[in-house]
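Taking it in order: structure first as structure tokens, then the write-up.
The values are calculated or read from the model by the stated rules, or taken from the named source; none is laboratory data. Bear in mind that the values here come from a model prediction, so they are computed numbers and not experimental data. Cβ sites come from the backbone with ideal geometry, for glycine too, and all protein chains shown count toward neighbours. SASA here: full protein model, heavy atoms, side chains in, ligands and nucleic acids out. Shrake-Rupley method; radii C 1.70, N 1.55, O 1.52, S 1.80 Å.
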Amino acid sequence: MSDIRLTENNKLLYAGPGDLEETPQGQKLQFETPESRQTWIVGKDRLEIISRTELTVRMQLRAQAVCPVIIDSPWGCLTAAASVGKLKTEDCKAEVEYELEGDCRHFWLEWTKE
């Protein structure tokens, strides 16, 4: 178990428990917000985010790169591209800033190892 805190800009999206697992790809965090189930895999210079609501959004992000985004829905599969401006991963912290379809997002994720 881990304590997780996810914010977007200055808005707290989630603070609470989650599962933490060490994987070959990095630290894998899984938690549920009121809106979605989240999986974040934080590796060295990379971040994978899987967000599940009625849609499943998968992103594999790298700093200063245009990265694929796959959106699975009941109506089919769509692809898009996220332009990553900032990606910083540290021990128990990740920060990412990207633009997707004209929408700029800036997330901070922090967790404890317990």
Original post:
Where residues in the range 1-14 are in contact (Cβ under 8 Å) with a residue 12 or more places away in the chain and in a loop (DSSP other than H, G, I, E, B), which of them is farthest from Gly76 (Cα to Cα)?
Top reply: Met1
Subject >> Top-ranked residue of the range 15-73 - restricted to ones that are of a type in the set (Asp, Glu) and assigned to a strand (DSSP E or B), ranked as surrounded by the fewest Cβ atoms within 10 Å (Cβ to Cβ) >> reply: Glu22
Subject >> Residue among Cys104, Cys92 that alone is open to solvent by less than 60 Å² (accessible area, probe 1.4 Å) and over 12 Å from the mean Cα position of the chain (by Cα) >> reply: Cys92
**OP:** Determine which member of the set Arg58, Arg5 is within 19 Å of Lys113 (Cα to Cα) and either of a type outside the set (S, T, N, Q) or at pLDDT below 95 (or both).
**Re:** Arg5
